[in-house]
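**Student:** Quick one: the structure is below, questions incoming.
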Amino acid sequence: MANKDRNKRSARQARQRERAEREVVAAESAAKASVKKSKAAAAQASKKAPVKVSGAKDSGIIARTRSYFSAVRAEMRRVTWPSRTELTNYSVAVIASLIIFGFAVWLVDTGIVAALVGFTSLRG
């Protein structure tokens, strides 16, 4: 039994060493790739033409407004709307809750007023 455990442990350690070696190789290749990308980006940045800035502010506001409403429209297409029966059930539940809580608030208010009148005998 001990020999079996030893074999498992050595296999685990071997896998761990292989994993560490792969991570080192991956980190080195990532570092080389980032150096190449930064050199390419610097070369492209020097070749870029200057960005034209328009003097009219209204076009920016109009473009942003149009973009906002198009995003709203796209989002509204993704919404899952309730069916007619679900909408009816939800509406009935909301109205019933309003009636129940309204009655409870009225009852508490009436009780508090009655307690104050009895305590202070302001009415009467």
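The values are calculated or read from the model by the stated rules, or taken from the named source; none is laboratory data. Note that the structure is a prediction, hence the values are computed from the model and not measured. Note that each Cβ is placed from the backbone with ideal geometry, even for glycine, and that neighbours are counted across all protein chains shown.
**Student:** Being of a type in the set (A, V, I, L, M), under 28 Å from the mean Cα position of the chain (by Cα) and modelled with pLDDT under 95 is the filter here, so list the residues in region 75-121 that pass it.
**Tutor:** Applying the first criterion (of a type in the set (A, V, I, L, M)) to region 75-121 yields 76, 79, 87, 92-96, 98-100, 104-105, 107-108, 112-117.
Narrowing the set further to residues that are under 28 Å from the mean Cα position of the chain (by Cα) leaves 76, 79, 87, 94.
Within region 75-121, MET76, VAL79 qualify.
**Student:** Can you name the condition, by its number, that ALA40 falls short on among (1) surrounded by 10 or more Cβ atoms within 10 Å (Cβ to Cβ); (2) in a helix (DSSP H, G or I); (3) modelled with pLDDT of 70 or more?
**Tutor:** (3)
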